[in-house]
Amino acid sequence: MEIIIQPDDKTASYLGARIVAQVIRRRCETVLGLATGNTPLMLYKELIRLHIEEELDFRRVTTFNLDEYVGLAPSHPSSYNSFMWENLFRHIDIPEHQIHIPDGLAPDIPAFCRQYEGAIKAAGGIDIQVLGIGTDGHIGFNEPSSSLTSRTRIKTLTRQTRKDNAPFFNGEENVPDHVITMGVGTIMDSRMCLLMAFGEKKAEAIAAMVEGPITASVPASILQVHPHAVVLADEKAASLLKRADYYRWVYENKPEWQKYK
Ligand code: F6R
């Protein structure tokens, strides 16, 4: 794992956007795995700016979102579908048929999940998966105790996640109980994972995922064995890392050819 510590969420998001843009510029048919929530908002803003001002081209990019709430129509204002259109898709030139978001209204959820897995495979697999992390260590909505080899399926949110997401729903009681989420195994199949974490409230989860044991109790910890995982944290989220000075030194002393452009 590469751990990059940046002074704040803005600097970290700009670097995250540069990393994603570099992947897209190298291969215009990039398959992009996307996350929702607060964490990637500035990264998406920066990708939009790169599209408008620096000709970052999404016309041949395909996207797969990590998750969606069960029972919410795509048009529901709190759906992840609405979130993605509002915060990214409507501002860039990606054709609609290249966008994939789990269908919260799928009548047969297991069949839909199999189809979603099949679509990722048919697209050639995910080149770079953008991830946030839950305060309980989840990635996607793979809550603690999720199988570390799981595939796309339905999951039940923890009380903590419902609390964390309450602001998007005007109160915890309105947060749906169930979600469709890519599995941990699905995420691990991505060629690169870019996990971002900002703020003090993510510090414990980041310490556990980076320096704790690999365990289903902290699903993000499985990224320790991913061949190309990058963790992009601000100082606050990195504040409980014991080897923070080493990670900083490694980043500052990267060989020129390894640096993100
Ligand atoms: C969202 C997702 C979740 C979030 C996580 C952090 O698509 O998969 O894992 O990344 O819950 O949420 P924020 O960024 O709102 O703190």
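Rule-based calculations on the coordinates, nothing more; no lab input. Keep in mind the model is a prediction, meaning the values are calculated, not measured. Cβ sites come from the backbone with ideal geometry, for glycine too, and all protein chains shown count toward neighbours.
Gain on full extension, evaluated as 0.36 nm per residue between Glu55 and Glu200 minus their Cα-Cα distance, stands at 48.7 nm. By the gyration tensor of its Cα atoms, with a ≥ b ≥ c the square roots of the eigenvalues, what is the shape of region 85-227: rounded for a/c under 1.5, prolate for a/b over b/c, or oblate? Rounded is the answer for region 85-227, as its axis ratio a/c remains below 1.5.
Using the structure shown, list the pairs from Lys10/Lys259; Lys121/Lys201; Lys10/Lys254 with a Cα-Cα distance above 28 Å, or answer none.
Details: Lys10/Lys259 19 Å; Lys121/Lys201 35 Å; Lys10/Lys254 22 Å.
Lys121/Lys201, as the Cα separations exceed 28 Å there.
Each Lys and Arg Cβ is given +1 and each Asp and Glu Cβ -1; about its Cα centre, region 210-261 then shows a dipole of about 80 debye.
Where in region 124-157 is the amide nitrogen less than 11 Å from a point lying 7 Å along the Cα-to-Cβ axis of Val225? Only 148-149 fall inside the zone, counting backbone N under 11 Å.
All other residues whose Cβ lies under 9 angstrom from that of Asp93 are scored, Lys and Arg at +1 and Asp and Glu at -1, for a net of 0.
Might you report the magnitude of the Cβ-based charge dipole of region 14-94 about its Cα centre, with Lys and Arg at +1 and Asp and Glu at -1, to the nearest 20 debye?
Details: 9 positive and 10 negative charges, 42 e Å.
Computed charge dipole of region 14-94: roughly 200 debye.
By the count of other C-beta atoms within 10 Å, a proxy for reagent exposure, His76, His138, His97 are ordered fewest to most as His97, His76, His138. Please name which of Tyr14, Thr39, Ile24 has its Cα lying farthest along the dipole of region 1-45 towards the positive end, using unit charges on Cβ (Lys, Arg +1; Asp, Glu -1) and the Cα centre as origin. Farthest towards the positive pole: Ile24.
For Lys202, the shell of other residues with beta-carbons less than 11 Å away shows a net charge of -4, using +1 for Lys and Arg and -1 for Asp and Glu. Taking other C-beta atoms within 10 angstrom as a stand-in for reagent exposure, Val179, Val184 fall in the order Val184, Val179, fewest first.
Between rounded, prolate and oblate, where does region 23-127 land on the alpha carbon gyration tensor, with a ≥ b ≥ c its root eigenvalues, rounded for a/c under 1.5, else prolate if a/b exceeds b/c? Since a/c reaches 1.5 but b/c is at least a/b, the shape of region 23-127 is classed as oblate.
Full-extension gain between Lys242 and Ser147, please, as 0.36 nm times their residue separation minus the C-alpha to C-alpha distance.
31.4 nm
Rounded to the nearest 20 debye, the dipole size of the chain about its Cα centre is 500 debye, using +1 on the Cβ of Lys and Arg and -1 on the Cβ of Asp and Glu.
What would the Debye equation give as log₁₀ I(q)/I(0) for region 183-261 at q = 0.16 Å⁻¹, counting only Cα atoms as equal point scatterers? Each listed q corresponds, in turn, to -0.64. What fraction, in whole percent, of alpha-carbon pairs in the chain exceed 26 Å separation? So the portion of pairs separated by more than 26 Å is 36 percent.
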